[in-house]
1. Given the convex hull over the Cα atoms of the protein assembly as shown, what projected area results after averaging over all orientations, in nm²?
2. If you take the Cα Rg of chain B and divide it by 2.2 N^0.38 Å, with N the number of residues, what do you get?
3. Quick check: net charge around A:ALA92, other residues with Cβ under 13 Å of its Cβ, Lys/Arg +1 and Asp/Glu -1?
4. First select every other residue whose beta carbon is under 13 angstrom from the beta carbon of B:ASN18; then total the charges, Lys and Arg +1, Asp and Glu -1.
5. Taking K and R as +1 and D and E as -1, what net charge do the other residues with C-beta under 11 Å from the C-beta of B:ASP67 add up to?
6. In whole Hz, what ³J(HN,Hα) sequence does region A:22-29 give by Karplus (6.51, -1.76, 1.60; θ = phi - 60°), x for Gly and Pro?
7. What are the ³J(HN,Hα) values, in whole Hz, obtained from phi via the Karplus relation 6.51 cos²θ - 1.76 cosθ + 1.60 with θ = phi - 60°, for each residue of region A:71-76 in sequence order, with x given for Gly and Pro?
8. What FRET efficiency comes out for the pair A:ASP96/B:ASP67, r = Cβ-Cβ distance, R0 = 30 Å, nearest 0.05?
Amino acid sequence: NAGVTQTPKFQVLKTGQSMTLQCAQDMNHEYMSWYRQDPGMGLRLIHYSVGAGITDQGEVPNGYNVSRSTTEDFPLRLLSAAPSQTSVYFCASTRDGSYEQYFGPGTRLTVT
Amino acid sequence: KQEVTQIPAALSVPEGENLVLNCSFTDSAIYNLQWFRQDPGKGLTSLLLIQSSQREQTSGRLNASLDKSSGRSTLYIAASQPGDSATYLCASGSARQLTFGSGTQLTVLP
């Protein structure tokens, strides 16, 4: 199993550009989440999904959009990038009935 | 709203020392407490998961305990090694979401 994979690993955007961060898992996990990690602030939840077609907002959802059309994939869209969205983004998954979360390697995003 | 705190933010110890990392949380009605390791520029690796009905978990040289009544968890590392140098994060929550502490950056000196 590849586990949780994320692409790209690094990305530089200009203010106002849009892009999609990709996340995929091959463990047939029902739950998937997106977090951002900023220095001194730990990880904060952006959006999560409890299954295909079902998503909900986390702690810091503004400026981000998600959808989940399949169990495997959970892309995160930045609609109009802002410097405040410079961060490291992590995708995570877990199976229903378990609490152990598995994280991807992260995407380091810089918005200039 | 759950808040998770980790003190100290950084810790430096000589090789071979036993050490304890602390994690405190404000809401005792938690589902689980999970400890992660993060190496520089890398993702999070799960170390130990303690479910709310459990008091501790062990894996090799690592032992994590959970005391919901006091809102605390500790991660005990025995006989520390330079390879243990990393940032250690604790998080509490459910399958839907975790609330993370800011982490303790551990340096084990040879």
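Coordinate-derived values only; no laboratory data. Owing to the predicted nature of the structure, the values given are computational and were not obtained by experimental measurement. FYI the Cβ positions are ideal-geometry reconstructions off the backbone, even for glycines, and counts take in every protein chain you see.
1. Numbers: hull surface 48.1 nm².
Directional mean of the projected Cα hull area for the protein assembly as shown stands at 12.0 nm².
2. Working: Rg = 13.2 Å, N = 110, 2.2 N^0.38 = 13.1 Å.
Its radius of gyration relative to the 2.2 N^0.38 Å reference: 1.01.
3. Working: positive: A:ARG36, A:ARG44, A:ARG95, B:ARG96; negative: A:GLU30, A:GLU100.
That sum, taken over residues with Cβ under 13 Å, equals +2.
4. Details: positive: B:ARG61; negative: B:GLU15, B:GLU17, B:ASP84.
Charge balance in the 13 Å sphere: -2.
5. Values: positive: B:ARG55, B:LYS68, B:ARG72; negative: B:GLU56.
Residues near B:ASP67 contribute +2 overall.
6. 9, 9, 9, 9, 10, 9, 6, 7
7. Calculated HN-Hα couplings, in order: 5, 7, 10, 8, x, 10 Hz.
8. Details: r = 28 Å, r/R0 = 0.93.
E between A:ASP96 and B:ASP67, to the nearest 0.05, is 0.60.
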